[in-house]
Amino acid sequence: MRVLLIEDDVQVGNDLCRTLKAAEFSVDWVRDGRTGKRAIEAAYYAIVLLDLGLPDMTGLDVLRALRAAGNSVPVVILSTEDDLDASVCSLEAGADDCVLKPFAIRELFARIRAVLRRRAGYATSAIGDGSLSLDLEKRTLNCNGIASSLSAREFALMHAFLEKRGTILSRGQLEDRLYGWGREVESNAVDVLIHSVRKKFGQSLIRNVRGLGWTIAHANA
């Protein structure tokens with residue numbers, strides 16, 4: 001799952017990148033607001049972690065600019081206790097959540113999962129329905145009673161499909177969701193992942209749409 005971290009503090013940024021990558025997130029890190037805003041406009045991110053105290057363009061200004069432009073990317077604000085007023089303003093400006101520094105990484109991960117499931121329209125840690133559901137905490141997929149753990153890439157793939165179920169996603173869109181900047185992506189990487197998931201849950205789970213990409217049908221299809 002691809003995450004954008006916008007944080008100017010080198011130590012905080014290094015620590016967060018290391019922790020997120022250890023949890024098998026794909027992380028892009030930028031250190032100023034203007035670069036972060038351009039990154040969000042240019043690429044897909046499952047979620048953005050946005051520090052408020054940026055040197056050139058504040059995190060609040062970045063958020064306001066994104067929402068004014070109609071960009072609905074999920075945003076979790078990273079703030080400090082002495083920025084409480086700014087934290088409140090960021091929530092009112094369209095942030096999905098706010099976590100105060102210093103924070104436990106378990107709390108941050110829980111808030112990320114909560115934002116993702118709310119955005120997908122679910123109240124629990126699983127998104128989907130009785131026949132097909134993805135557990136965001138356990139990283140398992142349950143398909144018609146068959147449950148199996150997923151690799152980080154398989155998880156990101158299925159999250160992309162279930163986030164907007166029924167949408168056709170092209171190879172380029174899937175690569176954008178799965179890999180970060182500067183990553184060498186083999187031409188058949190998406191095919192390999194889809195084959196791996198189909199091997200676990202059956203060929204019919206992910207449907208190929210000739211010339212367009214792949215999709216998972218709606219539950220009532």
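The values are calculated or read from the model by the stated rules, or taken from the named source; none is laboratory data. Model, not experiment: these values are computed from the prediction. Counting neighbours? That spans all protein chains shown, and the Cβs are built from the backbone with ideal geometry, glycine included. Side chains included, ligands, DNA and RNA excluded: accessible areas come from the protein's heavy atoms. Shrake-Rupley method; radii C 1.70, N 1.55, O 1.52, S 1.80 Å.
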- Query: At residue 64 and residue 119, where each label point lies 7 Å from the Cα along Cα→Cβ, what is the point-to-point distance in nanometres?
  - Reply: 2.3
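Treating only the Cβ of Lys, Arg, Asp and Glu as charged (+1, +1, -1, -1), what charge dipole size does the stretch 103-185 show about its Cα centre? Round to the nearest 20 debye. Spell out each step's value before the answer.
Values: 14 positive and 9 negative charges, 42 e Å.
Computed about the Cα centre, the dipole is about 200 debye.
Assign one of three labels to the stretch 81-141, namely rounded, prolate or oblate, based on the Cα gyration tensor with a ≥ b ≥ c the square roots of its eigenvalues; rounded applies when a/c is under 1.5, prolate when it is not and a/b is larger than b/c, and oblate otherwise.
oblate
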- R0 = 30 Å: FRET efficiency of residue 146 with residue 188, Cβ-based, nearest 0.05? 0.70
- Message: Take residue 84 and residue 9, extend 7 Å from each Cα along the Cα→Cβ direction, and tell me the distance between the two endpoints in nm.
- Response: 1.8
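What full-extension length gain, to one decimal in nm, is calculated for residue 181 and residue 100 as 0.36 nm per residue of separation minus the Cα-Cα distance? Intermediate values should be presented prior to the final figure.
Working: separation 81, 0.36 × 81 = 29.16 nm, distance 2.77 nm.
Roughly 26.4 nm would be gained on extension.
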- CD proxy at 222 nm, helix term only [per DSSP H run n ≥ 4: -39500 (n - 2.57); per residue of the chain; nearest 500]: -12500 deg cm²/dmol
- Any idea what angle helix 59-68 forms with the longest principal axis of the chain, computed on alpha-carbon atoms, 0 to 90 degrees, nearest 10? 50
- Of 36, 110, 57, which is farthest on the positive side of the dipole of the stretch 1-119, counting Cα position, with +1 on Lys and Arg Cβ, -1 on Asp and Glu Cβ, and the Cα centre as origin? 110
- What part of the accessible area of the chain, given as a whole %, is carbon or sulfur when the probe is 1.4 angstrom? 49
- Message: I want to check a number: in the chain, how many lysine pairs have alpha carbons closer than 27 Å, given a sequence separation of 8 or more or different chains?
- Response: 14
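If R₀ is 22 angstrom, what is the calculated FRET efficiency for the pair residue 217 and residue 173, using the beta carbon separation as r and rounding to 0.05?
Working: r = 18 Å, r/R0 = 0.80.
Computed FRET efficiency for residue 217 and residue 173: 0.80.
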- Note on the structure: Non-local residues with an amide H under 5 Å from the amide H of residue 136, with H modelled 1.01 Å from N and Pro and chain starts lacking one, are 126, 127
